[in-house]
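What follows is one structure encoded as structure tokens, with my remarks underneath.
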Amino acid sequence: MYGVRKFGKQNPNWKGEDVGYGALHSWVKRRKEKPRLCEKCKKKPAYDLANISGKYKRDLGDWWWICRHCHMVEDGRMSNLINSGREFTEEIKRKISASCMGRKLTEETKRKIGKASAGRKHTEETKRKISETHKKMPKPWLVGQEVSNTTRRKMSIARKKYWRKRKQLE
Ligand SMILES: [Zn+2]
């Protein structure tokens, strides 16, 4: 990083700590000339080189010089994109299944659960199926942010209600 000639002023909000990204970024930077104005709004001075598609292609056409403002907007869009597309970590998975428990169950899921608890406790198989179903659901509440404490509290209340209801059904 120190070897990069004039480009020492890295954006402090930099998210791409990843070495691969950094190398790619400077590769593009060396080849794509910085224009005077932002390539997006064409109003403000170009400030940073940003990726367009979110795929970080080794392709000059997938990058543009944009101003600070546009970069912030892009970053927001990008982190949503990345979060919604990313493999979920175990931690997030746990949060999802916790929040799904608190949500209104669909008729389908209810039926599945009903069947499962008629048999007896959830088998691993059933659990997997249920969590598959949840994975397919859109998760707008996850995009871009941590589940807040309030949400978590709400979830746990909802979850308690859910389990109480289930007990009555059994
Ligand atoms: Zn701009």
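Only residues that are within 11 Å of the ligand (Cβ to nearest atom), in a strand (DSSP E or B) and closer than 22 Å to ASN80 by Cα: list them for region 40-52, please.
So the first thing to find is which residues in region 40-52 are within 11 Å of the ligand (Cβ to nearest atom), and the list is 40-48, 50.
Adding the requirement that they be in a strand (DSSP E or B) leaves 45, 48, 50.
Hits for region 40-52 are ASP48, ALA50.
Could you tell me which numbered condition LYS55 fails, if it satisfies all but one of (1) in a helix (DSSP H, G or I); (2) more than 10 Å from the ligand (Cβ to nearest atom)?
LYS55 satisfies all of (1) in a helix (DSSP H, G or I); (2) more than 10 Å from the ligand (Cβ to nearest atom) except (1).
Collect the residues in region 24-39 that are in a helix (DSSP H, G or I) and over 18 Å from SER53 (Cβ atoms), keeping them in residue-number order.
As a first pass, look at region 24-39 and keep what is in a helix (DSSP H, G or I): 24-31.
Scanning region 24-39 gives SER26, ARG30.
Could you give me the residue pairs with C-beta distances under 7 Å whose first residue belongs to region 144-170 and is assigned by TED's automatic domain parsing to the domain that holds ARG77 and part of a helix (DSSP H, G or I), whose second residue is exposed (fewer than 11 other Cβ atoms within 10 Å of the Cβ) and modelled with pLDDT under 80 wherever it lies, and which are 6+ apart or on separate chains?
As it stands, the answer is none, since no pair meets every condition given.
The values are calculated or read from the model by the stated rules, or taken from the named source; none is laboratory data. Keep in mind that this is a model prediction, so the values were computed, not measured. Cβ: placed from backbone, ideal geometry, glycine included. Neighbour counts: every protein chain shown.
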